[in-house]
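Beneath this line is the structure, given in structure tokens, with notes to follow.
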Amino acid sequence: MTDRTLHPTPRWRDVVLEQIRTVGLSLRIAALVVAVVLAVGTFMIVGELICGGPGFDARETFPTALISFLYPFAVWRGQRRFGPGFLWTLPVDRRRLALARVFAGGVWLMAALAVFVSWLLALALLAHAPPELHVLRVPFVATIAMYLLGSALVLGLRHPLRWLLGAAGLLFLLGKLSDLLTQPDDGEWQHVPGASDFFSATQHAAAIWHTLPDLARWAILTFLWLGAGLAALWAAASRHRESRRQ
């Protein structure tokens, strides 16, 4: 008998199912915390409804995108992503194994999102509120895209927390730049070469963007969000690609 028959390479399906099982076990504490938060929220909302209050009339978008961006830290908790680690001892290509774990985390994320949406629908019906309006408060595309980007951050970098803080600082600077773009005629950029042309081009592009139909803008943003997330994840997983020497 050959080594191949004695030690066959696991099938891709078996690898994915095993990762779904192990990731699910590692997320038991996080799931318990989420269940407690939903139980407390249910108690507060139902209590307000009983007292005659609105209970469930907010219009803000739920922060599911932010949660999904941080969620990969829980998926990869306890795993050594670089160097030797127990996960990498499995007889599977490291890049494929990394993608399998990301997929497993995504499965549990979608399961949690389904539970959350069901919770929203139940509370909306209890409050006699339009269910579709509350479901639309969940940014589904942004939630998926931010999970992909968060997974790329955790999987592709040795010190993701440092990069996360740096990204927060960059977002702050971009916010300040956005404020300047909305009011570019206050005179402070007059002496910067090319600044007026840059602001004019940006405002022109923004004007064209707002003339597009809502469905077209949604399709473009969805493509860009998911495309960026998938590209970043593939680049991060490629850092763990096996080097084969002939």
remark   = Exposure proxy check on 210, 134, 240: fewest-to-most Cβ neighbours within 10 Å is 210, 240, 134
query = If we sort 149-155, 44-50, 228-234 on the protection proxy, mean other Cβ atoms within 10 Å, highest first, what's the order?
reply = 149-155, 228-234, 44-50
task = Mind checking region 71-124 for trypsin sites (Lys or Arg not before Pro) that DSSP puts in a loop (not H, G, I, E or B) and that have at most 12 other Cβ atoms within 10 Å?
result = 77, 80
remark   = For residue 214, placing the label point 7 angstrom along Cα-to-beta-carbon and taking region 134-173, residues whose amide nitrogen sits under 13 Å are 136-137
ask   = For residue 138 and residue 34, what does the FRET efficiency come to when R0 = 22 Å and r is the distance between their Cβ atoms, rounded to the nearest 0.05?
value = 0.90
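Every number in this text was worked out from the coordinates using simple rules, so none of it is lab data. Only a predicted model underlies this, so the values are computations on that prediction, with no experimental measurement involved. All Cβ positions, glycine included, derive from the backbone under ideal geometry; neighbour counts span all protein chains shown.
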